[in-house]
Structure formats: structure tokens, C-alpha cells
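Participant: Have a look at this one.
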Amino acid sequence: MQIHRIPKHERDFVIIANRAIQDPRMSHTARGILALVLSLPNGVKENVRTLSDNYPQGRGAVAKAVKELRDLGYWVTKTGRDGETNQIVSTVDVYEAPHLASSPVPTRPVTATSATRNTGTSPYGEKDLSKDGDKNPPFPPAEPVQDEAAPFGAEEGEGSSDKQDDKQAAEAARILRRLAAFDARLKLSDRHVSRLVPAVVDWLDRGATITEITDAVTAGLPSKVYSAAKLIADRLDRKRPERKRAWKSYAECADRCGNLLPAGQDTGICAECALGTGSIAFEIDCTTGEITDHAPAPVAPAMPDVTSRAAEIRALMRA
């Protein structure tokens, strides 16, 4: 490999030790982030969010690379209390050589009475019981953790996995995996597919078609997709359609009289055929298309006897 270098740098350059750039323990993503941050001036405000917003890598890849730098000692986060504002603040130090010195980790801060401007627990875990003459107030209860098995975007009581049949669940999983064909950023893992299946089954139960579900998820995607699973879950929840009206279906009489059976009866004969009053008007042969008319021939009404009636009227007039 031939390396081409600039003969002389006059401005806009950075000098980095080979030990940092050529560290075999680092991934290329972490190596690039380290070189980028070392080229920035002191006091710059960079974090995982800004690094992922301004560059092609997603937030997950940047967070993983920063964790790698932190584990190797290049990226050190320090937490302490500001002397002026009395607030917990965090600072980041980036080193050109690994710096593995341990820094104290503060406990969770707890506020005391507002008039004293003192907080119950120091950032270094030292408890002071003399501030208020009593024990420090207890920590607030921990926030409930969402169950990993709970599906994204599925409402309680709707689309429950207990009421799904295997056919609908398989169809929902196929629809979710097919989204990656429209946009590669919507590719889902098997774990995310299983969590999103109940939400898609709910759409199918409401009468939505595959095209309607696909359009609802893929239309108007943002320029950056940080989490395909959460984006799909949000759209399936917000755009959930109203349940379509289910039309009743009626079966025909088995004697082919043309009458419909009552609602809920799938086989059998109608009431007219059961009583013997029904008749088949015509029959169509599906093979030849020939129509056979079974209707009875019309009976012409009897003509009145005009001569005899006229004789009766004359006899009455003479009398």
C-alpha cells in the first residue's frame, strides 16, 4: 500500500500518537470517534446525540463505540457537584493515551428542606445526619420497568396473543419482515417481530389489508430512523383504523329454489321447500349454459259466455 501525505501542514491539522490510532483493541468506529474528538478544541460540547445527528452512524452505533472508548480508558466521565449552583454536573475528559484512574461514583442525590439549600446525600456517598437533625429522607420509589414481553403499540384487551390463531400470527410476521423490502432501515430482528405481531394482528382483525398496513408504516419516513421497532410500533398505534363493518352472509336453499336460508343456517332447505309449496323457476347448466324453464305454463282465464248472459238479461226485461 502506498501512502500519500501532505508535505507540510500549515494549518487545520492535528497530531495524534500512533499508540491511540493503532490500538488493536478498538473497533474502527471507536477509532474514528477518538480521532474526531481529539481534533476538536477544549470546551466543545459533544455527546452521543450530537455525534449521531451530525454524522452517518446511528445513535446505537455511536453509543456502542463511546462505551468501548470508556472501557479502554480513552473517554472518562466525571460526576460532581457544582459549587455555585449546588447541582450535580457531569464532565467528559478524552485522553490521547488510556487513562484508567478510577473516579468516585456519586450516589443518587436527594433534596432536603428548600430553606437550607442542602441536599441530603453528597455526590461521593458521604451521609451527613446533622443537617436537619434527622435521617436523610428515603429515596423515591424506583420507576416501574416495562415488561420486555409486552408488545409495542398494543392496547390492553385488543389484539391479545391469547386470541390469535396461528394463521393470522404467521401472516402478521410475514408483513413485518416484508417491510425491509421497502426500506432497509425497517429491518427487524426476530425478537422485535414477535413483539409487534399482536399489533399487526389487531389491524387484520379490524379488516385492514396488507397494502393499508404497509402504507401506514412506510409512508413519509423521516430522514433518520433510530429505532425501526419503536417507529413501527408508534405508527401502528397512532394510525390504527376503525373496525370495518362485517356483512352477514346467507346460504342458498339446497333444493336450488333460489330462496335464501335464515341467518345462521349454512345448509338445508328453505321453509317453502319443506312445506312443498316451493318450485324451481329455472335451471342453468354451467357446462353448456342452457337454461331450462321449470315454471308452469300460464293458464288463460276462462272467457265468459256472452250469449247465455244476454238471453238472461232479455228474459228479465220482458218479465
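The values are calculated or read from the model by the stated rules, or taken from the named source; none is laboratory data. Remember, it's a predicted structure, so these values are computed and weren't measured experimentally. Using ideal geometry, Cβ is built from the backbone for each residue, glycine included, and neighbour counts are taken over all protein chains shown.
Participant: For region 182-228, name all the residues that are touching a Phe, Trp or Tyr at 6+ places or on another chain (Cβ under 6 Å) and aliphatic (A, V, I, L, M). Steps first, please.
Facilitator: Of all residues in region 182-228, those touching a Phe, Trp or Tyr at 6+ places or on another chain (Cβ under 6 Å) come to 195-196, 213, 218.
Leu196, Ile213 - these are the residues of region 182-228 that are touching a Phe, Trp or Tyr at 6+ places or on another chain (Cβ under 6 Å) and aliphatic (A, V, I, L, M).
Participant: Step by step: first the residues of region 15-29, then only those that are modelled with pLDDT of 85 or more and outside any loop (DSSP other than H, G, I, E, B), then the one that is nearest to Val48 (Cα to Cα). Which residue is that?
Facilitator: Step by step, filter region 15-29, then rank; the result is Thr29.
Listed here are the residues, each with its yes/no results for (1) within 30 Å of Ala184 (Cβ to Cβ); (2) in contact (Cβ under 8 Å) with a residue 12 or more places away in the chain.
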{"residue": "Gln2", "(1), (2)": "no, no"}
{"residue": "Phe13", "(1), (2)": "no, no"}
{"residue": "Asn18", "(1), (2)": "no, no"}
{"residue": "Ala30", "(1), (2)": "yes, yes"}
{"residue": "Leu34", "(1), (2)": "yes, yes"}
{"residue": "Arg49", "(1), (2)": "yes, no"}
{"residue": "Leu69", "(1), (2)": "yes, yes"}
{"residue": "Ser90", "(1), (2)": "no, yes"}
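Participant: For region 184-200, which positions are part of a helix (DSSP H, G or I) and within 12 Å of Val225 (Cα to Cα)?
Facilitator: Going through region 184-200, the residues part of a helix (DSSP H, G or I) turn out to be 184-186, 190-200.
Within region 184-200, Ala184, Arg185, Leu186 meet the criteria.
Participant: Follow-up. Looking only at region 64-120, filter to residues that are at pLDDT below 70 and hydrophobic (A, V, I, L, M, F, W, C); which one of those is farthest from Val44 (Cα to Cα)?
Facilitator: Checked region 64-120; the qualifying residue farthest from Val44 (Cα to Cα) is Ala115.
So that you can scan it fast, the table gives a plain yes or no per residue for (1) within 10 Å of the chain's Cα centre (by Cα); (2) outside the structural domain of Ala180 (by TED's automatic domain parsing); (3) within 30 Å of Cys273 (Cβ to Cβ):
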residue: Ile210; (1), (2), (3): no, no, no
residue: Gly220; (1), (2), (3): no, no, no
residue: Val225; (1), (2), (3): no, no, no
residue: Ala228; (1), (2), (3): yes, no, no
residue: Asp234; (1), (2), (3): yes, no, no
residue: Gly258; (1), (2), (3): no, yes, yes
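Participant: Quickly run through region 36-63 and pick out the residues that are assigned to a helix (DSSP H, G or I) and surrounded by fewer than 16 Cβ atoms within 10 Å (Cβ to Cβ).
Facilitator: Leu36, Arg49, Thr50, Asp53, Arg59, Gly60 - these are the residues of region 36-63 that are assigned to a helix (DSSP H, G or I) and surrounded by fewer than 16 Cβ atoms within 10 Å (Cβ to Cβ).
Participant: Which of (1) within 30 Å of Leu196 (Cα to Cα); (2) surrounded by 13 or more Cβ atoms within 10 Å (Cβ to Cβ); (3) at pLDDT below 80 does Cys257 not meet, given it meets every other one?
Facilitator: Here Cys257 clears every test but (1).
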